[in-house]
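The values are calculated or read from the model by the stated rules, or taken from the named source; none is laboratory data. On a predicted model such as this, the values are computed, not experimentally measured, just so you know. Glycine gets a Cβ as well: all are built from the backbone with ideal geometry, and neighbour counts include every protein chain shown. Note: areas computed on protein heavy atoms with side chains; ligands, DNA, RNA excluded. Shrake-Rupley method; radii C 1.70, N 1.55, O 1.52, S 1.80 Å.
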Amino acid sequence: MSLLSLIKEISPQLLEGTLVTLQLTGFAISLGFVIGMFLALGRLYGRGPVRKFCIGYIEFFRGTPLLVQLFIVYYGLPRYGIKVPSIVAALLGLGLNSAAYQAEYFRGAIQSIDEGQMMAARALGMKKLQAILNILIPQALRIVIPSWSNELIYTLKYSSVAYIIGAPELMAQAKFIAAENFRYFEVFLVVAFIYLVIVSLLSWILRIIENRVRIPGLQTS
Amino acid sequence: MTSIFPLLRGTITTLELTILLLAIGLAIGIFLALGQVYGPLPVVAVINIYERFFRSIPALVLLFLFFFGSSYFGLSLSPFLSAVLALGFRSSAYQSQIFRGAIQSIDEGQMMAARALGMKGFQAIKCIILPQAIRLAIPPWSNEYSSVLKDTSLAYAVGVVELVREGRYIIVRTFEPMLVYITIALVYFVLTYAGNKLLAFLEKKLAVPGYELKLKEAKSTKYER
Amino acid sequence: MSDKTIILKIEDIHKSYGKEKVLKGISFSVKEGETKVIIGPSGTGKSTLLRCINGLTKPDKGHVWLDGVEITNSNVNLDRVRQSIGMVFQNFNLFTHLTALDNVRIGLVKVKKLPRDVATEKAIAMLKKVGLEKKAHLYPAQLSGGQQQRVSIARALAMDPKLILFDEPTSALDPELIGEVLYVMKNLAESGMTMVVVSHEMGFARSVCDEIIFLDKGVVVEQGPPDVLFNHPRNKRTREFLCKISELYGESGER
C-alpha cells in the first residue's frame with residue numbers, strides 16, 4: 001500500500017484524534033489561564049501563607065516532568081477516592097501544569113509595568129485591587145501575549161503526553177492504528193506532519209493577533 | 001526499602017540521558033547558531049528548516065519517529081540510543097536559538113576590532129565572540145537544562161528504563177503509586193534545583209567584573225519554557 | 001619632509017550603500033611620521049573611508065597602497081595587512097571579556113603568535129606607554145572611558161603598526177576625559193608614529209597635525225597645513241564648517 005492510500009485510510013481516525021488534541025489544548029490552556037492568573041496575583045500581592053503556597057505550587061509544577069504529574073493525577077489520586085477518566089485526568093494535569101508557567105509569564109508582565117501606573121491609579125483614589133484589575137492587568141495581558149502564544153504552542157505539543165495515560169488524542173489514535181497495520185513509522189510521519197501544520201498555522205495566527213493588539217506607539221520590552 | 005536501589009539506578013539513567021542530550025545539543029547547536037549568523041543564505045535556510053522541524057514536532061512524536069524509523073530503515077537502534085538521538089537533535093534546535101540570540105547580542109564593534117587586529121574570521125569567533133556569547137547564554141541554557149531533564153521522562157514511552165519506568169516497576173510490586181510518583185517528582189525537583197544552582201554559580205564565576213552582559217530582549221522571550 | 005617615504009596612498013576611493021554614494025573619489029597620501037586629520041560634517045563618510053583603508057569595508061572602486069604594496073588587490077591577504085594597520089574606534093571596542101592586559105596581548109599571542117611571556121612583556125610596556133600599567137588587570141567595564149580608549153591605543157600600538165587609524169577617538173568621551181586621550185595621541189605623533197585621525201579636536205589638529213583634510217559630501221573639499229586651512233580657508237564650505245566647529249568645541253581648543 002502506498003503512503004498516499006495509507007494516509008487516505010487512516011485520516012478519518014487521525015482527524016478525530018486531532019480534534020481531541022485541539023479540544024484538550026483549548027481547555028487546558030484556559031484552565032491554566034484562570035489558575036495562572038490567581039497564582040501570579042497571589043505570588044505578587046498575597047500575604048505570607050498565600051504567597052508561599054503560590055510559590056510552592058509554581059516551583060513544583062515547573063520543576064517536575066508533566067508525565068509524572070499526569071501519573072500522579074491518574075494513578076495516584078484514585079487511592080484517595082478521586083477517580084477520573086483519562087481525558088479528564090489529562091485535562092487537569094495539563095491545565096495545572098500550564099498554570100504554573102502562565103503564572104510566571106503574568107508575573108513577569110505585571111512586574112514589567114512601570115511603577116508610576118500603580119501610583120497614578122492610587123492617586124486617582126482607586127483601591128489597590130481596583131488598580132490591579134483596571135490598570136495593571138489590562139496592560140499585563142497585552143505584554144504577555146508573545147510568551148503566552150509560546151505557551152499555547154507548548155501546551156499543544158505536550159498534550160501528546162496525555163496518550164500515555166490513555167487519553168484518546170492524536171497520538172493515541174496513531175498508536176492504535178499502527179498496532180493494527182504495523183506501519184508505525186509511516187503513521188508517525190503523518191502525525192508529525194499534522195503537528196507541524198497545526199503549530200505553523202497557530203504561530204502564524206498568533207503573530208497576526210500580536211500585531212493587531214499592539215498599542216500604537218507603546219514599546220513593550 | 002528495596003525500592004531505593006531501582007530508583008537510584010533510574011536516576012542515574014535519567015542523568016546520563018540528560019548529560020548526553022545536552023552535550024549533543026550543545027555541539028550541534030553552537031554550529032547551527034554560527035551557521036545562521038555567519039553562513040551564506042542557503043545554509044541559513046537549511047538550518048531554519050531543521051529548527052522548524054525539531055521545534056514544531058512534539059518530543060514524543062520525535063521519539064517514535066526515531067525509534068520506529070530506525071527499524072524501518074533497517075538500523076534498529078536501541079530505545080536508549082533512539083531517545084538520545086531524537087531528543088539530542090531536538091535540544092540542538094533549541095540551543096541553536098539560544099546561542100544565536102547570544103551571538104547577535106554582542107556588539108558588532110567586537111568583531112570589527114578583532115578583524116582590525118588582523119584576526120581571521122574564525123579566530124575572532126573563537127577568541128572574541130564565543131567566549132562572550134557563552135557567558136550570555138548561561139541563563140537561557142539553564143532553562144534548557146531543566147526542559148531536557150524533564151523531557152527525558154518521555155523516553156519512558158519507547159521503553160527506556162529511566163526513573164519513571166523504574167518507578168512503574170516498583171508500583172507493580174508495591175501498589176503505592178502516590179508514594180512512588182511523589183518521590184520521583186521530588187527527585188526531578190532536586191535535580192532541576194541543583195542543576196540551576198550549579199549553572200547560576202557558573203554564571204557568577206564567569207561574570208566579567210563590572211560588566212553586565214545583556215541578551216537582547218526580544219530574542220530571549222522565545223525559550224522561556 | 002618631502003624625502004620621506006609614502007606609507008599610505010589612496011586613490012579615487014568610491015563607496016556607496018545602496019543608492020547613497022558615501023565616498024565619491026577620495027585621494028590622498030600619508031608620509032612616514034605624518035599625522036593627518038580628517039574633518040567634515042557627520043555622515044560624510046569619514047568612518048567609511050577609514051574602514052576602506054584597512055579593508056573592513058570593501059571600496060567599490062579605487063586603490064589603496066600600504067608601503068608601496070597595493071592592498072586593494074584581491075589576492076592580498078587582508079588579515080596580514082590589518083596587522084600592520086592599527087585602528088582605534090570611537091566606542092573603544094575593547095574586548096569586554098578580557099582584562100586590559102589581555103586586550104593588548106591577544107593580538108600578539110593569537111595573530112602574531114608571539115610566545116606568551118614575550119607578549120606579556122610587550123603588552124605591559126605598551127600599557128606603560130599610555131600610563132595604565134597599574135590598571136593591567138582590570139576589565140574594560142572597570143575603567144573610565146578615557147582609560148578604555150588609552151588601552152585600545154595600546155592594543156593597536158602593540159602590533160607595531162606602520163600606521164594607526166583613529167576614528168573619532170574622543171567623541172564618545174565625557175569632556176573631562178578627552179584630555180588624557182589627546183595627550184597620549186600627541187605623544188604618539190611626536191614620537192614619529194604615522195597617524196590618520198578623524199576628529200574635530202581642533203586644538204589637537206592645530207598643534208600636532210601636518211595636514212588637515214576637509215571632507216564633505218563624499219569628496220575632499222580642501223586640504224592643507226592647519227595654519228593655512230584655519231586662517232585662510234579658500235572654500236566657502238570649509239569656512240562655514242570651521243565656524244560651526246569652533247562654536248561647538250571652542251576656538252583655541254588648547255586642552
Would you confirm whether any residue within the range B:8-24 is touching a residue at least 24 places away in the same chain (Cβ under 8 Å), hydroxyl-bearing (Ser, Thr, Tyr) and in contact with an Asp or Glu (Cβ under 8 Å, 6 or more places away or on another chain)?
yes
Would the range A:39-47 turn up any residue that is out of contact with any Phe, Trp or Tyr (no Cβ under 7 Å at 6 or more places or on another chain), free of Cβ contacts under 8 Å to residues at least 12 places away in the same chain and part of a helix (DSSP H, G or I)?
no
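Does A:Leu67 satisfy the criteria of being of a type in the set (A, V, I, L, M) and within 11 Å of chain B (Cβ to nearest Cβ)? So that I can check it myself, show each step before the final result.
Details: of a type in the set (A, V, I, L, M): yes; within 11 Å of chain B (Cβ to nearest Cβ): yes.
Against the criterion (of a type in the set (A, V, I, L, M) and within 11 Å of chain B (Cβ to nearest Cβ)), A:Leu67 qualifies.
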Which ones in the range B:124-135 are open to solvent by 10 Å² or more (accessible area, probe 1.4 Å) and either in contact with a Ser or Thr (Cβ under 8 Å, 6 or more places away or on another chain) or on the phi > 0 side of the Ramachandran plot (or both)?
none
Every residue in the range B:175-209 that is more than 18 Å from the chain's Cα centre (by Cα), within 12 Å of chain A (Cβ to nearest Cβ) and either open to solvent by less than 10 Å² (accessible area, probe 1.4 Å) or in contact (Cβ under 8 Å) with a residue 24 or more places away in the chain (or both), please.
B:Val180, B:Tyr181, B:Thr183, B:Ile184, B:Ala185, B:Val187
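For every residue, the table says whether it meets (1) of a type in the set (Lys, Arg); (2) modelled with pLDDT of 90 or more.
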{"site": "C:Lys19", "(1), (2)": "yes, no"}
{"site": "C:Phe28", "(1), (2)": "no, yes"}
{"site": "C:Lys31", "(1), (2)": "yes, yes"}
{"site": "C:Val37", "(1), (2)": "no, yes"}
{"site": "C:Cys52", "(1), (2)": "no, yes"}
Within the set of pairs 6 or more residues apart or between chains, which connect a residue that is within 13 Å of another protein chain (Cβ to nearest Cβ) inside the range C:121-147 to a residue that is open to solvent by 70 Å² or more (accessible area, probe 1.4 Å) and not polar (S, T, N, Q) with Cβ atoms less than 6 Å apart?
C:Ala141/B:Tyr211
Might you let me know whether the range A:139-161 holds any residue that is outside any helix (DSSP H, G or I) and open to solvent by 30 Å² or more (accessible area, probe 1.4 Å)?
no
Restricting to the range B:122-156, count the residues that are within 20 Å of B:Pro58 (Cα to Cα), polar (S, T, N, Q) and over 12 Å from the mean Cα position of the chain (by Cα).
1
Quick check: anything in the range C:56-65 within 14 Å of chain B (Cβ to nearest Cβ), free of Cβ contacts under 8 Å to residues at least 60 places away in the same chain, surrounded by fewer than 20 Cβ atoms within 10 Å (Cβ to Cβ) and assigned to a helix (DSSP H, G or I)?
no
Quick one: count up the residues across the range A:171-211 that are in contact (Cβ under 8 Å) with a residue 24 or more places away in the chain and hydroxyl-bearing (Ser, Thr, Tyr).
2
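Going through B:Leu65, B:Leu75 one at a time, which residue ends up being open to solvent by 10 Å² or more (accessible area, probe 1.4 Å), within 14 Å of chain A (Cβ to nearest Cβ) and not in a helix (DSSP H, G or I)? If you could, list the steps in order and put the result at the bottom.
Details: B:Leu65 fails: not in a helix (DSSP H, G or I).
Going through B:Leu65, B:Leu75 in turn, the sole match is B:Leu75.
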Go through the range B:155-174 residue by residue and tally those that are under 16 Å from A:Tyr74 (Cβ atoms) and at the interface with another protein chain (Cβ under 9 Å from one of its Cβ atoms).
6
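What residue, of B:Leu8, B:Leu32, B:Leu26, is away from every other protein chain (no Cβ under 14 Å) and out of contact with any helix residue (DSSP H, G or I) (no Cβ under 7 Å at 6 or more places or on another chain)?
Details: B:Leu32 fails: out of contact with any helix residue (DSSP H, G or I) (no Cβ under 7 Å at 6 or more places or on another chain); B:Leu26 fails: out of contact with any helix residue (DSSP H, G or I) (no Cβ under 7 Å at 6 or more places or on another chain).
None of the others qualify; the one that does is B:Leu8.
Output the helices (runs of 4 or more DSSP H) that fall wholly within the range A:49-128 and possess 1 or more residues being within 16 Å of the chain's Cα centre (by Cα), or say none.
Values: elements: A:66-71, A:86-111, A:115-123.
Correct list: A:66-71, A:86-111.
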Hits in the range B:25-42 (condition: open to solvent by less than 60 Å² (accessible area, probe 1.4 Å) and more than 16 Å from B:Ile134 (Cβ to Cβ)):
B:Gly35, B:Gln36, B:Gly39
Those residues that are open to solvent by less than 20 Å² (accessible area, probe 1.4 Å), within 9 Å of chain B (Cβ to nearest Cβ) and of a type in the set (A, V, I, L, M, F, W, C), I need them from the range A:171-195; list them, please.
A:Met171, A:Ala174, A:Ala178, A:Val187, A:Phe188, A:Val191, A:Ala192
Can you name the residue in the range A:94-126 that is of a type outside the set (A, V, I, L, M) and without any contact (Cβ under 8 Å) to a residue 24 or more places away in the chain and is also least open to solvent (accessible area, probe 1.4 Å) among such residues?
A:Gly116
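Return a yes/no flag: does the range C:148-170 have any residue that is within 11 Å of chain B (Cβ to nearest Cβ) and open to solvent by 50 Å² or more (accessible area, probe 1.4 Å).
No: the range C:148-170 contains no residue that is within 11 Å of chain B (Cβ to nearest Cβ) and open to solvent by 50 Å² or more (accessible area, probe 1.4 Å).
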Does A:Ala167 meet the test of being under 25 Å from A:Tyr101 (Cβ atoms), more than 11 Å from every other protein chain (Cβ to nearest Cβ) and surrounded by 15 or more Cβ atoms within 10 Å (Cβ to Cβ)?
yes
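Restrict the check to the range C:237-246 and report whether at least one residue is of a type in the set (Phe, Trp, Tyr), within 16 Å of C:Val88 (Cα to Cα) and part of a helix (DSSP H, G or I). Break it down stepwise before answering.
Keep residues of the range C:237-246 that are of a type in the set (Phe, Trp, Tyr), which gives C:241.
Next, from what is left, pick out any that are within 16 Å of C:Val88 (Cα to Cα): none.
Taking every residue of the range C:237-246 in turn, none turns out to be of a type in the set (Phe, Trp, Tyr), within 16 Å of C:Val88 (Cα to Cα) and part of a helix (DSSP H, G or I).
Regarding C:Arg237, is this residue touching a helix residue (DSSP H, G or I) at 6+ places or on another chain (Cβ under 6 Å) and among the charged types (D, E, K, R)?
Values: touching a helix residue (DSSP H, G or I) at 6+ places or on another chain (Cβ under 6 Å): no; among the charged types (D, E, K, R): yes.
So C:Arg237 does not fit the description; no.
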